[in-house]
1. Give me a count of the residues in segment B:300-321 that are buried (at least 16 other Cβ atoms within 10 Å of the Cβ) and outside any loop (DSSP other than H, G, I, E, B).
2. Among the residues of segment B:289-299, are any under 36 Å from the mean Cα position of the chain (by Cα) and at pLDDT 85 or above?
3. Just the residues that are without any contact (Cβ under 8 Å) to a residue 60 or more places away in the chain, within 15 Å of A:VAL70 (Cβ to Cβ) and either out of contact with any Phe, Trp or Tyr (no Cβ under 7 Å at 6 or more places or on another chain) or surrounded by fewer than 20 Cβ atoms within 10 Å (Cβ to Cβ) (or both), please, taken from segment A:96-108.
4. Yes or no: A:LEU178 touching a Pro at 6+ places or on another chain (Cβ under 8 Å) and in a strand (DSSP E or B)?
5. Specify the residue that is farthest from B:ARG638 (Cα to Cα); the eligible residues are those in segment B:467-520 that are acidic (Asp, Glu) and modelled with pLDDT of 85 or more.
6. Would you confirm, using the coordinates I've provided, whether A:ILE191 is buried (at least 17 other Cβ atoms within 10 Å of the Cβ), assigned to a loop (DSSP other than H, G, I, E, B), more than 12 Å from chain B (Cβ to nearest Cβ) and not acidic (Asp, Glu)?
7. If only one of A:THR77, A:THR92, A:THR69 is more than 9 Å from chain B (Cβ to nearest Cβ), surrounded by 19 or more Cβ atoms within 10 Å (Cβ to Cβ) and closer than 25 Å to A:ILE143 by Cβ, which one is it?
8. Taking B:SER580 as the residue in question, decide whether it is surrounded by fewer than 20 Cβ atoms within 10 Å (Cβ to Cβ) and closer than 30 Å to A:TYR85 by Cβ.
Amino acid sequence: MKTNTVRSIKTEEYFIEEEPYYLETNGEKALFEAAYRNRIPVLLKGPTGCGKTRFMEYMAWKFKRPLITVSCHDDLTVSDLVGRYLIQGEETVWVDGPLTRAVKSGGFCYLDEIVEARKDTTVVIHPLADHRRILPIEKRGEILSASSDFLLAISYNPGYQSVLKDLKQSTRQRFLALEFTYPKREFEVEIIVHETGIDMRSAELLVSFAEKTRNLIEAGLTEGASTRLLIHAARLIRSGIDPKRASEVAIAEALTDDHEMLRALSEIIQSLF
Amino acid sequence: MQATIDSYAERLMGELIKNLRLNFFENQDIIAIIDTIDMFDHAPRRKLLVLCFILSEATPSIIPGMLKRVKRVALTLDPDDLAKWIDTAAEVLSGQGTDAFFQFISNVDTEHLKAFVSLERLRLKDITDTLQLYIKGISGHDFSVSTDIEPSTDMDTIYLPAVLSRFKRPEDNLLVYLLMAAHKWAQVACGTLTPDMSGALAGLAYAESQEEGIQDLETFFNAFPQRELAIDLFTLLEAFMLDTFLWRELPGLMERAAPLKDEVYNERPSLDELSEKTAFVEGIYHYYLRGAAKGTAPEALLHLHDRITALRHAADPQEIMSALVACYQAAVKLTGEYEPQRPVFFLGTIKPDRVAKRLRAKRNEMKRKLEGMIEKLLKMPLPERRQHRRSHSIVHEHPVKPEQEYLVIKGQNIAMDDTVKDKLKGGAVVSEGRLVKGSNLASGSVYVNLEDIIRAEEVGRTQQDGIAYDEWDYHRGDYKKDWCIVYEQDLQPGDEPFVEQTLKRYRGSVAQLRKKFETLKTIRQKVRKQKDGDAIDLDAAVEALSDLHAGLSPEGMIYTSFNRNTRDIAVLFLLDMSGSTKGWVNVAEKEALVLMCEALELLGDRYAIYGFSGMTRTRCDYFHIKSFREGYAEEVKRRIAGITPRDYTRMGAPIRHSATVLKTVEARTKLLIALSDGRPEDWGSYKGDYGIEDTRKALLEIREQGIRPFCITIDREASLYLPHMFGESNFIVIDEVRKLPGRIVEIYRGLTL
């Protein structure tokens, strides 16, 4: 948002220059640092929108390493991660994939929502995620040994209840797992105030509302309101939207389509603001 | 105006009482009649009084029966409509006589009453679902919602009026419902209904002697000679504290409710019209509603003003109790009778008897559980002492320890674990048995362990045809070898056309469900990089070409294809058939199964259904309802109809056996879905942590075998132990049984999407 000119940067040169705002809630900074110093890859687990990606940005900034994020999807192939040959004119050129770039440049490679990736893709990270720290590039007949600065991080949301999307033991047991949950009330308020500049009282009410949606998780909601949704709502409020309306569009409607549930959420909003 | 009408009503009341006395009504019956009449709002109360008076002149004996019916009608009609209904009843009486009258008032079904319903009202049952979610959301607790004339709570259920028509617009009436519900939640959250009562009566000279008998709010109020006055005072004083709580928790609601308070304030009588005693209480209403009294407040109230309003900052319900004693003492000294005014409609009046009853019920439930256990223990044939040679007996005798306590039954001294003992000490009555300290038993006495006795009974059974499974003993941290015997057997088919009935009942949802699953089935998933297929995968082709150029041999997987049948799933439904599923749970489980079968037939996933129940480790019954090989045949349908609740829930062994069954099918994804209504529990020591740990271990074992377990439960306390037992996100709690059939299919869909 700072400049209007579009800037193109190479994947491995994406450094976070300004300190991202991140409020520590459970000593995760020190744990991450220790893991990094000991070359242990990191698994971030937790519900959506509770700060996993922001945390990665913060740590990348802190250690001044490029952050290479790959959002995994069910069509993600090994080539998409490692690299492929492309034709240019009469010849073929090898182009590194994001994972290879991170391994070479000593960056932080963050595979977001790893369970979404194809099962055969997930296994390529195995040799990188144990003591070997190598990335075999089959097509070129090469093995890349990771730079000492390289770090592999993956994220996953244990709340998804599909049997077909579970993280395999052989994958998960290579990582140090940091659990993220919704921050404690006072932390969450602080985060919202800091991120949006909204007044304290409104932030408290938003957090109150979020807690109440989290009460409904077993009664029909799949997940409660995330901190990210609260920030969206807070931004709308800052822009002059009525708090009730803002909570409805940014939080309630984002959580569910169920008519009955929306009505109840709407009543809760009316009771709070 | 108000005063003259009231004096007319009071005169009528006097006449009515006189007539009842003349007709030999007992005093207590008269009081009951008056109390019932007084329950109603102003308009219907007056009409009812007139009606009772007319009846008392001719046929007084039907008054109690009539009032009973009016009470039922009041659950459907709101006060104004009720008044209309009573008018009509009176017309029938004068025009058509007693028989027709009785017939009219006996017809209390909704259809009939519809004629008396005026428009612009909000019915509780139309918004119950929303309201329940609202309450669950704000409180995080599962309250049930039920109807009563006035709002109140017994801490588990929130009672609300069946209809509200105070306001023209339905949304305003909804607001009143929300406000009522929020107030009831506040009572529970602030603990004002369960205050610490020790010393609460300090300063109430004549009541202090009764302190001993006070256990709950009901007995507490019994200590006040003018009970009603005390209850009204309490309801009001409590409201000050609750208001602050609600302003903090739900500021939006309270802001919207503020105009309501003003309106109510305007309706309240002026203090100048009331007796001094009544004015004292009414004055507090005024303080609560607007902070100032209408009319001249009694001197005594002025003195207490600061103390009362300070309750807004009360941190502990005990402050309410001491303020109550102060107010009560001041009020009883005032002149005049206490004539209760209408309570503020959204506050209602607290119901100490209801709260006490609920608390007692909870205590009794605990007691009953224990008694049931002891009763079974008594029925167990105790091995004759010294009948077998000691070395062969399972029941080992040990010399008693003086410091331990034993249950003495039938001449045996039995040692128990702490959970049983705690229940015994919790006041459970054990007929024929008593708790005795070891030091009080004759020297040379011996004791036996409860577990041994139970086991002794068990070994009597043959182990033919059963399959033995190990059981995990977490005390020892080891397996008990071949501990449980599982008997697989066919379930006796039922006679009822249960499946057909269910399909009829859920006709709408079955159609909807079919549609949903149809889309799931024909989901056309595009797969890239295939050896052959419908279209060329451009990315893969370019890559292959590049590989060629680079001198590598391409993989040749350059096609995309649509895969229609990626589902390779085998699922086994394991049904809890324990005795506790009796009633609605059993029906819901069966209905859920029927709907599930419909869906699965359509989807083509392989599935099997088994039920389990049992009594002790030597009899774990595993009922065959549908195997993987069987189709959804008539026989299967009849077996579903035949599912009935049986004994206990020993979960470990059936889970292990399910793994054996699942081993017989080939599938990429194997699922075990358990439907249960509570924690694992069996005869003997298989309860509490032991049962949970064994079940957990069994689940870990089957997970190692590549089976993914999932639990659907309706136990509200499940979140206490299920995360540990099944693992986070491997279970779902259905908060209401009736929702199970509707939800299960969705759950399955989500699980395998």
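1. Narrowing segment B:300-321 to residues buried (at least 16 other Cβ atoms within 10 Å of the Cβ): B:300-301, B:304-305, B:308, B:311, B:314, B:317-321.
Filter once more, so that each one left must be outside any loop (DSSP other than H, G, I, E, B): B:300-301, B:304-305, B:308, B:311, B:317-321.
Summing the residues that are buried (at least 16 other Cβ atoms within 10 Å of the Cβ) and outside any loop (DSSP other than H, G, I, E, B) in segment B:300-321 gives 11.
2. The initial filter retains those residues of segment B:289-299 that are under 36 Å from the mean Cα position of the chain (by Cα), namely B:289.
Next, from what is left, pick out any that are at pLDDT 85 or above: B:289.
Looking through segment B:289-299, at least one residue is under 36 Å from the mean Cα position of the chain (by Cα) and at pLDDT 85 or above.
3. Filtering segment A:96-108 for residues without any contact (Cβ under 8 Å) to a residue 60 or more places away in the chain gives A:96-97, A:99-100, A:103, A:106, A:108.
When the remaining residues are screened for being within 15 Å of A:VAL70 (Cβ to Cβ), the result is A:96-97, A:99-100, A:103, A:108.
Listed by number, the residues that qualify are A:ASP96, A:GLY97, A:LEU99, A:THR100, A:PHE108.
4. On the way: touching a Pro at 6+ places or on another chain (Cβ under 8 Å): no; in a strand (DSSP E or B): yes.
It is false that A:LEU178 is touching a Pro at 6+ places or on another chain (Cβ under 8 Å) and in a strand (DSSP E or B).
5. First, pick out the residues of segment B:467-520 that are acidic (Asp, Glu): B:470-471, B:473, B:478, B:482, B:488, B:490, B:495-496, B:500, B:518.
Applying the additional criterion that residues be modelled with pLDDT of 85 or more yields B:470-471, B:473, B:500.
Working: B:ASP470: 33, B:GLU471: 33, B:ASP473: 38, B:GLU500: 10 Å.
The selected residue is B:ASP473.
6. Details: buried (at least 17 other Cβ atoms within 10 Å of the Cβ): yes; assigned to a loop (DSSP other than H, G, I, E, B): no; more than 12 Å from chain B (Cβ to nearest Cβ): yes; not acidic (Asp, Glu): yes.
So A:ILE191 does not fit the description; no.
7. Details: A:THR77 fails: more than 9 Å from chain B (Cβ to nearest Cβ); A:THR92 fails: more than 9 Å from chain B (Cβ to nearest Cβ).
Answer to the selection: A:THR69.
8. Working: surrounded by fewer than 20 Cβ atoms within 10 Å (Cβ to Cβ): yes; closer than 30 Å to A:TYR85 by Cβ: no.
Answer is no for this residue.
The values are calculated or read from the model by the stated rules, or taken from the named source; none is laboratory data. Keep in mind the model is a prediction, meaning the values are calculated, not measured. Reconstructed Cβ throughout: ideal geometry from the backbone, glycine too, with neighbour counts over all protein chains shown.
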